Amino acid sequence: MRYLVISDIHSNLEALQVVLQYHDYDQALMLGDIVGYGANPEEVVQLVRELRPVATVRGNHDKVVAGLETGDVFVSHALAAALWTRQQLSVESLQYVRDLPVGPRQIDAHISIAHGSPRDEDEYLFPYHPKIAVFDAFSTRICFFGHTHIPTVFYQTGEATYSGHVESPLKLTLNLEYSRYLINPGSVGQPRDGDPRAAFLVLDTNTSTAEFFRVDYDIQTAQRKIREAGLPDFLSERLARGV
Ligand code: ZN
């Protein structure tokens, strides 16, 4: 089985369209934050629905856009975008976002998915801060997560834990007999590791490999649409820098 793993699309249609030109997979997993920040929430929700991911979880932006949370913990540009997004979505798309499942979720004997972390859907797991306790919060060999927008691998072998930022592209062979993994594929629509290209990952369960991809997309069009929508300038500007 080959899983396409995508996260943090954030209404960036140009980025998602390029990622979905990749076809060498069987099933898709979506780790939350479909919407928020970008200018094409309706189109992006529709594309995700057409993709029919075998499993999804909701993200913190999805919750605020859906009205499940007020967004009072958001910085101003994030809240402005979330409230704007709510106005843009069709009734069906808003319902889809509202109905996204709460994470974390175990999807089979080997794989779990979460937005923030396997112990709290809103927790940030940044690279280089190994948190051994997080490995106690899930029981599978692999847990995929998003939320930080930084491609990251944590692994645990016995008592030792390692974590690091992943310089993509990278094909990582997983040692599933001895190690357990927390893996962030990076963000499709708003990368924050200084590399502005869209990020995604493919897990191959036959070869036990996790392959991190980065792809160029039309950043200037995504930026122009954000400006034309009247959304905060910072949201447009950051896409070119990948921050
Ligand atoms: Zn996000």
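Show the residue pairs that are 6+ apart or on different chains and have beta-carbon atoms under 8 Å apart, the first residue being within segment 10-27 and under 20 Å from D62 (Cβ atoms) and aliphatic (A, V, I, L, M), the second being open to solvent by 60 Å² or more (accessible area, probe 1.4 Å) and away from the ligand (no atom under 16 Å from the Cβ).
If the second residue must be open to solvent by 60 Å² or more (accessible area, probe 1.4 Å) and away from the ligand (no atom under 16 Å from the Cβ), the pairs left are L13/E43.
Mind checking whether some residue in segment 42-54 is more than 20 Å from T221 (Cα to Cα), among the acidic types (D, E), part of a helix (DSSP H, G or I) and out of contact with any Cys (no Cβ under 9 Å at 6 or more places or on another chain)?
yes
Filter segment 124-156 for residues that are closer than 26 Å to N12 by Cα and surrounded by fewer than 17 Cβ atoms within 10 Å (Cβ to Cβ); which is farthest from the ligand (Cβ to nearest atom)?
Residues of segment 124-156 that are closer than 26 Å to N12 by Cα, as a first pass: 124-127, 143-153.
Then keep just the ones that are surrounded by fewer than 17 Cβ atoms within 10 Å (Cβ to Cβ); that gives 124, 126.
Values: Y124: 10, F126: 13 Å.
The extreme case among them is F126.
Restricting attention to segment 16-33, and to residues there that are out of contact with any helix residue (DSSP H, G or I) (no Cβ under 7 Å at 6 or more places or on another chain) and assigned to a helix (DSSP H, G or I), which single residue is least open to solvent (accessible area, probe 1.4 Å)?
Ranking the candidates gives V19 first.
Being within 16 Å of the ligand (Cβ to nearest atom) and buried (at least 18 other Cβ atoms within 10 Å of the Cβ) is the filter here; which residues of segment 105-123 pass it?
Of segment 105-123, the ones within 16 Å of the ligand (Cβ to nearest atom) are 113-117, 120-123.
Those that are within 16 Å of the ligand (Cβ to nearest atom) and buried (at least 18 other Cβ atoms within 10 Å of the Cβ): I113, A114, H115, G116, S117, E121.
If you scan segment 73-99, which residues turn out to be in a helix (DSSP H, G or I), of a type outside the set (G, A, S) and touching a Pro at 6+ places or on another chain (Cβ under 8 Å)?
Step one: list which residues in segment 73-99 are in a helix (DSSP H, G or I), which gives 76-88, 91-98.
Within this subset, residues satisfying the condition of being of a type outside the set (G, A, S) are 77, 79, 83-88, 91-92, 94-98.
If the condition is that a residue be in a helix (DSSP H, G or I), of a type outside the set (G, A, S) and touching a Pro at 6+ places or on another chain (Cβ under 8 Å), then H77, T85, Q88 are the ones that fit.
Report every pair of residues separated by at least 6 positions or lying on different chains whose Cβ atoms are under 7 Å apart, first residue within segment 91-106 and of a type in the set (K, R), second outside any helix (DSSP H, G or I) and open to solvent by less than 50 Å² (accessible area, probe 1.4 Å).
R98/A66; R105/A55; R105/V57; R105/S112; R105/I113
Find the strands (runs of 3 or more DSSP E) located wholly in segment 178-243 whose residues include 2 or more that are at pLDDT 95 or above and open to solvent by 20 Å² or more (accessible area, probe 1.4 Å), and list them.
Working: elements: 179-184, 198-204, 209-215.
Filter on segment 178-243 gives 209-215.
From the residues in segment 67-97 that are open to solvent by 40 Å² or more (accessible area, probe 1.4 Å) and within 14 Å of V48 (Cα to Cα), which one is farthest from the chain's Cα centre (by Cα)?
The qualifying residue farthest from the chain's Cα centre (by Cα) is E92.
Is segment 80-88 home to any residue that is closer than 23 Å to D193 by Cα, within 16 Å of the ligand (Cβ to nearest atom), in contact (Cβ under 8 Å) with a residue 24 or more places away in the chain and of a type in the set (V, I, T)? Break it down stepwise before answering.
First pass over segment 80-88, keeping only residues closer than 23 Å to D193 by Cα: 81-82.
In the following step, the residues that additionally are within 16 Å of the ligand (Cβ to nearest atom) were identified as 81-82.
Adding the requirement that they be in contact (Cβ under 8 Å) with a residue 24 or more places away in the chain leaves 81-82.
So of that shortlist, the ones also of a type in the set (V, I, T) come out as none.
Checked segment 80-88: no residue is closer than 23 Å to D193 by Cα, within 16 Å of the ligand (Cβ to nearest atom), in contact (Cβ under 8 Å) with a residue 24 or more places away in the chain and of a type in the set (V, I, T).
Has segment 34-42 got at least one residue that is polar (S, T, N, Q) and crowded, with 16+ Cβ neighbours inside 10 Å?
Going through segment 34-42, the residues polar (S, T, N, Q) turn out to be 40.
Adding the requirement that they be crowded, with 16+ Cβ neighbours inside 10 Å leaves 40.
Scanning segment 34-42 turns up at least one residue that is polar (S, T, N, Q) and crowded, with 16+ Cβ neighbours inside 10 Å.
Has segment 203-222 got at least one residue that is of a type in the set (S, T, Y), out of contact with any strand residue (DSSP E or B) (no Cβ under 7 Å at 6 or more places or on another chain) and more than 13 Å from V5 (Cβ to Cβ)?
Our first condition is that a residue be of a type in the set (S, T, Y); within segment 203-222, this holds for 205, 207-209, 217, 221.
Okay, now just the ones that are also out of contact with any strand residue (DSSP E or B) (no Cβ under 7 Å at 6 or more places or on another chain), so 205, 207, 221.
Applying the additional criterion that residues be more than 13 Å from V5 (Cβ to Cβ) yields 207, 221.
Checked segment 203-222: at least one residue is of a type in the set (S, T, Y), out of contact with any strand residue (DSSP E or B) (no Cβ under 7 Å at 6 or more places or on another chain) and more than 13 Å from V5 (Cβ to Cβ).
Suppose the filter is among the polar types (S, T, N, Q) and modelled with pLDDT of 95 or more; does T148 pass it? Full working, then the answer.
Values: among the polar types (S, T, N, Q): yes; modelled with pLDDT of 95 or more: yes.
So T148 fits the description; yes.
The values are calculated or read from the model by the stated rules, or taken from the named source; none is laboratory data. All figures in this text were calculated on a predicted structure; none of them were measured in a lab. We place every Cβ from the backbone using ideal geometry, glycine too, and count neighbours over all the protein chains shown. Side chains are part of the model used for accessible areas, which takes the heavy atoms of the whole protein and leaves out ligands, DNA and RNA. Shrake-Rupley method; radii C 1.70, N 1.55, O 1.52, S 1.80 Å.
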